[in-house]
Amino acid sequence: MTPNSELPLVARAGLHRDRIAIAAAGGEFTYRELLDVSARVASCILRNRADLQETPVAFLVPPGFDYVAVQWGVWRAGGIAVPLAVSHPPAELEYVLRDSQATIVVVHPDLAERIRPAVAAGDTRVLTTVEALAASKRTLPAMAESRRAMMLYTSGTTGKPKGVVTTHGSLRAQVTTLVDAWGWTAADRILLVLPLHHVHGIVNVVTCALWAGARCEMHRTFDVAAVWGSFLSGDLTLFMAVPTIYRRLIAAWEEVSPDRQQALSDACAGIRLMVSGSAALPVATLARWKEITGHVLLERYGMTEIGMALSNPLHEERLPGHVGTPLSGVEVRLVDEDGNTVAPGTPGEIQVKGPGGFLEYWRQPEATAAAFQDGWFRTGDMAVVEDGSYRILGRMSSDIIKTGGYKVSALEVEEVLRTHPDVVECAVVGVEDPDWGERICAALEVREGCDLTPTSLQEWAKTRLAPYKVPKTCRAVTALPRNAMGKVTKPEVAALFTMPRDRGA
């Protein structure tokens, strides 16, 4: 096989053969080992075929060296990598397998029983990671970057999850843009605590690290003590997480002695960059994290379909509550309901164009066509540009509430409610109402033992919000419903307020 027939990501690994690529529960693994083992996986998957020719291959493997070896193996065999979520129940795994039409599944032995119901029927070929990683090597096919590379499934908050297909070329564009924007080098060492069925963990963390020749430390699951332990090791230079994780790290810090707090805070000094994404970062969380660690979290904005589009700067000032400006090579515009570009300072839908965009929704040509307007991807998110930086207002479908003739950003109301001393976390939704069109409702996680009532909260909010923005209904909950990435699932929140007994509460 000639060097030019390999994918750039794989070819670059050859430049770092003796460096550590992955550190996980099973030990430390070099780029040389990753190249060797992924070739074995590819050979096993291929069996008697010369090239998978974009056949979808699903895999259920926990974070670690095996995961990366299998993912690279699928790519080197010419297949489309379809990572399955280790947190999903059999019914959801079965949906992805059925929709993706994956006829080959690679599974870690620890998770074999999880996948068995989903592959019981049909002629699916099931391989274990043990046999795939130990297979004999054979000649692998040449790769072109125009090929389909990966299929990630959307969260399904607006319907059944769709398979988002990206090519090797679009993945390369996403990765190289972030490597440049965030200053990645081979000397970097990052900790992965994110699920690996989502672009945040797969692209922003793992693939960027491996493109740069850096080291990626992987934890199978998120554990607060283990993360703080990794910080204390002094061996990390980057960390990327979702707001929920930062809140849990803050809570753990607040529970220890002052001496321990100082040690934990000092441990963050050697980390050059900390990033937050995948959900809106409350300004209060950003401020508290800065107090504890000295780090101003870098917020960015992206989606499964486009990778990252906006980012705060690496070195210059970062505006709280804002997600920055377009990344290099990415075009972004804001448009009104008619598709016309809005004036500066006016809210509009974010539309994106760039080389990192996805190819298609798998087997859904109509949905793919509807997702674009004149070549621009329609994100469905609203934003406004303030002081040259984008501020996300929320989803057009769930976070922009039309009430009494006004348009209200649920995220704006949430930010204000979080400043109440008794509110730990909250989610604001619009619920259909015959008088208002939509009624603003707030679900609240409140501090234990407080005497906060809906009436007292509303009175407090009236001094900080325009009258039409004050929630008309409030409800305390033990915990807000969230998906695997820690993002609040607004349809489940709205369901709390649709029962007859909640009307007018």
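Derivation of every value follows stated rules applied to the coordinates shown; laboratory data play no part. All values derive from a computational prediction rather than experimental measurement. FYI the Cβ positions are ideal-geometry reconstructions off the backbone, even for glycines, and counts take in every protein chain you see.
Observations on the model:
- Length gained on full extension, ALA479 to ARG138: 117.6 nm, using 0.36 nm per residue less the C-alpha separation.
- Charge dipole (Cα centre; +1 on Lys/Arg Cβ, -1 on Asp/Glu Cβ; no other charges) of the chain amounts to roughly 940 debye.
- FRET efficiency for THR341 and ALA367, using Cβ-Cβ distance with R0 set to 25 Å, rounded to 0.05: 0.50
- Rg to Rh quotient for the stretch 361-467, alpha carbon positions, Kirkwood Rh: 1.08
- Extension gain, ASP451 back to LEU314 (0.36 nm per residue minus Cα-Cα distance, nm): 45.1 nm
- Ellipsoid fit via the Cα gyration tensor, the stretch 105-205: semi-axes of 28, 20, 17 Å, each the root of five times an eigenvalue, largest first.
- Highest mean first, the peptides 464-473, 61-70 sorted by other C-beta atoms within 10 Å per residue fall in the order 61-70, 464-473.
- Seen from a random direction on average, the alpha-carbon convex hull of the stretch 388-440 projects onto 4.7 square nanometres.
- Kirkwood-based Rg to Rh ratio, the stretch 160-305, C-alpha trace: 0.97
- The coefficient of translational diffusion for the stretch 429-469, derived via Stokes-Einstein from the alpha carbon Kirkwood radius under 4 °C and 1.567 mPa s, stands at 109 µm²/s.
- Each residue of the stretch 388-393 is assigned a 3J(HN,Hα), and the resulting list reads x, 10, 7, 10, 6, 9 Hz, derived from the Karplus form 6.51 cos²θ - 1.76 cosθ + 1.60 (θ = phi - 60°), x at Gly and Pro.
- Each peptide in 15-27, 302-314 receives the mean, over its residues, of other Cβ atoms within 10 Å, and ordering these scores from highest gives 302-314, 15-27.
- Two-site FRET efficiency, ALA120 against VAL256, from Cβ-Cβ distance with R₀ of 51 Å, rounded to 0.05: 0.60
- Leading residue at positive end of dipole, the stretch 154-291 (Cβ point charges), from ALA269, LEU191, TRP211: TRP211
- Shape of the chain from the C-alpha gyration tensor: prolate (a/c of 1.5 or more and a/b above b/c, with a ≥ b ≥ c the square roots of its eigenvalues).
- Non-local lysine pairs in the chain, meaning eight or more places apart or on different chains, with alpha-carbon distances under 15 Å, amount to 4.
- Summary value for the chain: 10 percent relative contact order, contacts being C-alpha pairs under 8 angstrom separated by 6+ residues.
- Computed across the stretch 1-147, the Kirkwood radius stands at 15.5 Å (inverse of mean 1/r, all Cα pairs).
- In degrees, nearest ten, helix 168-181 long axis to first principal axis of the chain (Cα): 60 degrees
- Look at the Cα gyration tensor of the stretch 153-230: its axes a ≥ b ≥ c give a/c of at least 1.5 with a/b at or below b/c, and that counts as oblate.
- Whether the stretch 218-300 is rounded, prolate or oblate, judged on the alpha carbon gyration tensor where a/c under 1.5 counts as rounded: rounded
- Dipole of the chain computed with +1 at Lys/Arg Cβ and -1 at Asp/Glu Cβ about the Cα centre; of GLY357, SER170, LEU60, farthest Cα towards the positive end is LEU60.
- Peptides ranked, highest mean first, by Cβ atoms within 10 Å: ranges 356-365, 258-267: 356-365, 258-267
- Dimensionless Rg over Rh [the stretch 59-112; C-alpha; Kirkwood]: 0.94
- The chain, helix-only ellipticity at 222 nm - DSSP H runs n ≥ 4, -39,500 (n - 2.57), divided by all residues, nearest 500: -8500 deg cm²/dmol
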